[in-house]
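**Q** Right, I'll just put the structure down here and ask away after.
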């Protein structure tokens, strides 16, 4: 009885995610869902990406947080459309939240939307939004053993962005071992190494994002 | 209808947490629930603490993870009793899980139990275990804005441990501003600055833990 209720909830979310997807397909908009632990650099990566894409692509951002508009305020300085979702305690975004956020964006003037999910390596994995691309950021100071402990998210994503590589000299993080581990878990995965602090690797990341947008562009 | 079901679940957990607490009270064991983001140094802090308390206090550790025994394996090297809880996907520990873990420990030979919760700043806050002391670790590379975004956990804890202070020269983290922010939110909060890498501040943290154990020792 309990199980069937849970399945009902997931299925309602999945149905609404599919509706979001249909709407975005019709408009030709690619949605990138960025997931990670708190403080791994989700907002910083989005800000760096906005700077690179300025004038090349029409981008908007949807910021998900338990509380506050700290991240949306930062994004707003870049002059792109931004919507803050405050989940009011919920540990992940879901398809109804995305639907409400989309209603506040100028969708007919967009090519790409970044969704910054709530800082959490666990719960966001289970809730589809209607996104095209799923990305997880692995922050170097968090250590290289996260895929062992949070396998679900590394199995679910299209790309892993290793961020804060400028801190590699000061922490224990074996990039080669981490690459072997996640590639073994998810062989099709794209792995990118960046520093949002120094800008290292950002051009490669942005090229990959542009490629995803081209690949998934709707007819 | 939906709300009353959720209340039912929480209440069942709270009831079992109270039972855990009664059992631990009778045995005179103090339980410290350590919460934080993934990769903030929960296991490293526990290992440092075990080294300092060796021969002074009888300590056990309960490790909570979605998957793997990586952390429990590290703790086992210290020769203390350790139980790994694999939540199988659940994003937090709960009172039934603690109850099962306690049943596997030599409770009549313990003074203190560290519980390492699942790496998550959100969900663990809502589930009491039967613990005496709640601690959150704030890792310096995560940035100093986490209390704005995850207020619940900073309101719920007895202490904030600022970890990885050895990385302060390389990242943006204003310790004074962070201290003002969390003290404003939760005035009774203990704030400790440590580096599990260099050992800085560990003695003060361990002294605080010993004090909590003394203060809460049962008759």
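Throughout, read-outs are computed from the coordinates displayed, never taken from laboratory work. What you see is a predicted model; the values in this text were computed from it and never measured. For neighbour counting, all protein chains shown are included, and Cβ atoms are generated from backbone atoms with ideal geometry for every residue, glycine included.
**Q** Report, in deg cm²/dmol and to the nearest 500, the calculated mean residue ellipticity at 222 nm for chain A, where each DSSP H run with n ≥ 4 adds -39500 (n - 2.57) and the sum is divided by the residue count.
**A** -12000 deg cm²/dmol
**Q** Let me ask something else. Could you check the simple spin-label distance between residue A:191 and residue A:203, using points 7 Å along Cα→Cβ, in nm with one decimal?
**A** Using points 7 Å along Cα→Cβ, the separation is 2.3 nm.
**Q** Output the peptides A:132-139, B:198-205 sorted from most to least packed, where packing is the average of other Cβ atoms within 10 Å over each peptide's residues.
**A** Top of the packing list down: A:132-139, B:198-205.
**Q** Right, something else. To the nearest whole number, what is the average tally of beta carbon atoms from other chains within 10 Å of the beta carbons of peptide B:36-47?
**A** Average neighbour count from other chains, rounded to a whole number: 5.
**Q** Sticking with this one: Taking the label point as lying 7 angstrom from Cα along the Cα-to-Cβ axis, what are the distances from residue A:14 to the corresponding position in the remaining copies, in ascending order and in nanometres?
**A** 3.5
**Q** Counting alpha carbon pairs within less than 8 Å and at least 6 residues apart, what relative contact order, in whole percent, applies to chain A?
**A** 25 percent
**Q** How many Cβ atoms of partner chains, on average, are near each residue of A:134-142 if near means within 10 Å of its Cβ?
**A** 3
**Q** Moving to a separate point now. Report, in whole Å, the centroid distance computed from the Cα atoms of the stretch B:147-179 and the stretch A:11-26.
**A** First find each Cα centre; the distance between them is then 38 Å.
**Q** So how compact is the protein assembly as shown: Cα radius of gyration and Dmax in angstrom?
**A** Cα-based Rg and Dmax for the protein assembly as shown come out at 22.0, 74 Å.
**Q** Turning to a different aspect of this structure: Would you tell me the mean number of C-beta atoms belonging to other protein chains that fall within 10 Å of each C-beta in B:55-67, as a whole number?
**A** Going residue by residue through B:55-67 and averaging, the value is 1.
**Q** Would you kindly work out the equivalent ellipsoid of the stretch A:2-215 from its C-alpha gyration tensor and give its semi-axes, the square roots of five times the eigenvalues, largest first in whole Å?
**A** The three semi-axes for the stretch A:2-215 are 26, 22, 16 Å.
**Q** Something else now. Taking the alpha-carbon set of the stretch A:15-109, what are its Rg and Dmax in Å?
**A** Considering the stretch A:15-109 through its Cα atoms, Rg and Dmax are 13.2, 36 Å.
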